[in-house]
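The values are calculated or read from the model by the stated rules, or taken from the named source; none is laboratory data. On a predicted model such as this, the values are computed, not experimentally measured, just so you know. Neighbour counts run over all protein chains shown; Cβ positions are idealised from the backbone, glycine included. To get the accessible areas, we keep the full protein, side chains included, count just its heavy atoms, and leave off ligands, DNA and RNA. Shrake-Rupley method; radii C 1.70, N 1.55, O 1.52, S 1.80 Å.
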Amino acid sequence: MGFEPNYDESQVPGYALPDPLAVGGLVAEDAKAWEEKVRPATLALFEREMFGAVPVPVEPINEDLALESEVADACGGKAVRREYLLGFSHEANPQIRLLVYLPKGVEKAPAFMGLNFRGNQIVEKDPRITLETGFVLGAKKEGDNTAFAEKNRGTGVDRWPVDMIVDRGYALVTACCGDIDPDYHDGFKNGVHAMFPAPKEDEWGTISAWAWGLSRMRAALAEVPEIDETRVAVIGHSRLGKTALWAAARDERFAMAISNNSGCGGAALSRRAFGETVGRINNRFPHWFNGNFKKYGGNEADLPIDQHQLVGLIAPRPVYVASATGDRWADPKGEFLSVLHGAAPYRLYSEKPFGGVTEQPEPGRSVGNVMGYHLREGKHNITREDWGHYLDFADRWLKK
Ligand code: GTR
């Protein structure tokens, strides 16, 4: 199979997108039919054909949140910073270390929750933040990664602008994605996978495990009195943007979702096969999606779903998708089109969910309504400019 990426708009194959309101013979004419029939049927298709369902554990798995540390002078004195350890009632006992920033003077803060690639110590150049000792992106699969993790201390300050976030009255919760599941193919033995039976063809890969971890993290926030766990926006960049969309689609307790440059398997329409394709992503990252998704490499037309429906599954909750001009691998146009065509379920709740937008806006301008979108000038990244738009959007929909 030739998987050379296509960057020529005229070479995008003709395609017909599945109707988000008519799935498996079920039709949603109103919000009730959407919620009771079409939404569950759509979610089941995404589980079975793409991300994979969470296997049933042998014993019920309970979680436990323990406070590890607290400092009152984080981020130049603007925030209280805590570390918590989220553990599970299983002998494999994977542990997720949460790094939490609380804005001062806010009683019950809404929060942004997102995973990071290289450990919590990237967020601030402060030696008191516990170093990630497990697998981090860019390091060796096995063995001692601590020197690499230490070298990356404070390198994520622009990606995680805590000053902006707490100034606007939001809390921030992050954890290393590798704490939930190390990002390499190990036959689903490490991370939280170790607490569950080996996955079948239709059961989870790494993205679904990350989403499961995010849900457990959100639920655990019930024990953090300064945060309002009913107002949590799940956010992610790139592969973690794919994860944020799936996390919000499967768990309606996330109040908002933000996908930054999520691309193939995230916001980008698979059928456009522009930049990264289903075949490429499955070849390079066989552990991200489930076994069934492998059928669709070079065969996108046979997918019973497309990514606009993933966006639609978040309805009626606010959703925001962002692209970057230099991130053609992630297909900015395909990311925009998912919001446009994912609006159908949203229209069962409000008239102009995307604010009447029909064309991809010029770079730098944020558009929409309860569905938001912007195209940033620049490369594949998440920046303070992106966060500025996300904070404005959250002010509109998450503030009381
Ligand atoms: C790339 C991958 C993308 C995106 C990106 C990232 O290698 O092809 O789908 O996930 O990694 O996560 O940075």
_Label point distance in nm, GLU59-ASP302, each placed 7 Å from Cα along Cα→Cβ_ = 4.2
*asked:* Please report the antiparallel percentage of DSSP beta bridges with both residues in the chain, rounded to the nearest 5.
replied: 45
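Can you work out the FRET efficiency for the pair LYS108 and GLU9, with r the C-beta to C-beta distance and R0 = 56 Å, to the nearest 0.05? Kindly include the intermediate steps, with their values, before the conclusion.
Working: r = 47 Å, r/R0 = 0.84.
So the FRET efficiency works out to roughly 0.75.
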*Between ARG365 and ASP395, how many nm apart are label points set 7 Å from Cα along the C-beta direction?*
2.0
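Remind me, relative contact order of the stretch 1-159 in percent, using alpha carbon pairs under 8 angstrom and six or more residues apart? Intermediate values should be presented prior to the final figure.
On the way: 180 pairs, mean separation 17.6, N = 159.
Computed value for the stretch 1-159: 11 percent relative contact order.
I need the peptides 312-324, 84-96 ranked by packing, meaning the mean over residues of other C-beta atoms within 10 angstrom, with the highest value on top.
Working: 312-324: 26.1, 84-96: 16.5.
So the order, starting with the most tightly packed, is 312-324, 84-96.
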_Alpha-carbon centroid distance for the pair the stretch 277-302 / the stretch 316-346, whole angstrom_ = 20
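Measure off, as a whole percent, the carbon and sulfur share of the 1.4 Å-probe accessible area of the chain, all protein chains present. If you can, show how the numbers build up before the last one.
Details: 7670 of 15390 Å².
The computed percentage sits at 50.
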_Anisotropy class of the stretch 106-234 from Cα gyration tensor, a/c 1.5 cut_ = oblate
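Provide, as a two-decimal number, the C-alpha radius of gyration of the chain over 2.2 N^0.38 Å, N being how many residues it has. Present the calculation step by step, with values, prior to reporting the outcome.
Numbers: Rg = 19.9 Å, N = 400, 2.2 N^0.38 = 21.4 Å.
For the chain, the normalised Cα radius of gyration comes out at 0.93.
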*For the stretch 1-47: span of alpha carbons on each principal axis (Å, largest first)*: 43, 22, 15
*For the stretch 89-97, Karplus couplings with θ = phi - 60° (6.51, -1.76, 1.60), whole Hz, Gly/Pro x*: 7, 8, 4, 5, 6, x, 10, 10, 8
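Quote the Stokes-Einstein diffusion coefficient, in whole µm² s⁻¹, for the stretch 83-141, based on the Kirkwood radius over alpha carbon pairs, a temperature of 10 °C and a viscosity of 1.306 mPa s. Let's see the in-between values first.
Numbers: Rh = 13.7 Å.
Estimated diffusion coefficient is 116 µm²/s.
By per-residue mean of other Cβ atoms within 10 Å, what is the highest-first order of 270-283, 230-243? Walk me through the numbers before you get to the answer.
Working: 270-283: 21.9, 230-243: 25.6.
Answer by packing, highest mean first, reads 230-243, 270-283.
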*Rg to Rh for the stretch 187-305: what is it, with Cα atoms only and Rh by Kirkwood?*
1.00
*Search the structure for amide H atoms under 5 Å from the amide H of LEU375, placed 1.01 Å from N in the peptide plane, and list their residues when 5 or more places away or on another chain.*
SER323, GLY364, ARG365
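Any idea of the accessible area per residue across the stretch 55-120, 1.4 Å probe, to the nearest Å²?
Details: 2970 Å² over 66 residues.
I get 45 Å² per residue for this part.
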*Using a basic spin-label model with each label point 7 Å from the Cα along Cα→Cβ, how many nm lie between VAL27 and ALA147?*
6.6
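Counting only heavy atoms of protein chains, what accessible area per residue, in Å², does the stretch 300-400 have with a probe of 1.4 Å?
Values: 3790 Å² over 101 residues.
Using a 1.4 Å probe on heavy atoms only, each residue of the stretch 300-400 averages 37 Å².
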*If one takes the longest principal axis of the Cα atoms in the chain, at what angle in degrees, from 0 to 90 and to the nearest 10, does the Cα axis of helix 332-341 lie?*
70
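Please list, by residue number, every one of the GluC sites (Glu not before Pro) in the stretch 25-71 that is coil in DSSP and has at most 11 other beta-carbon atoms within 10 Å.
Answer by residue number: GLU29.
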*Does the stretch 264-311 come out rounded, prolate or oblate, given a ≥ b ≥ c as the square roots of the eigenvalues of its C-alpha gyration tensor, rounded meaning a/c under 1.5 and, failing that, prolate meaning a/b above b/c?*
rounded
*Straight-line reach from LYS295: which lysines have Cα under 17 Å away, leaving out those fewer than 8 places along the same chain?*
LYS200
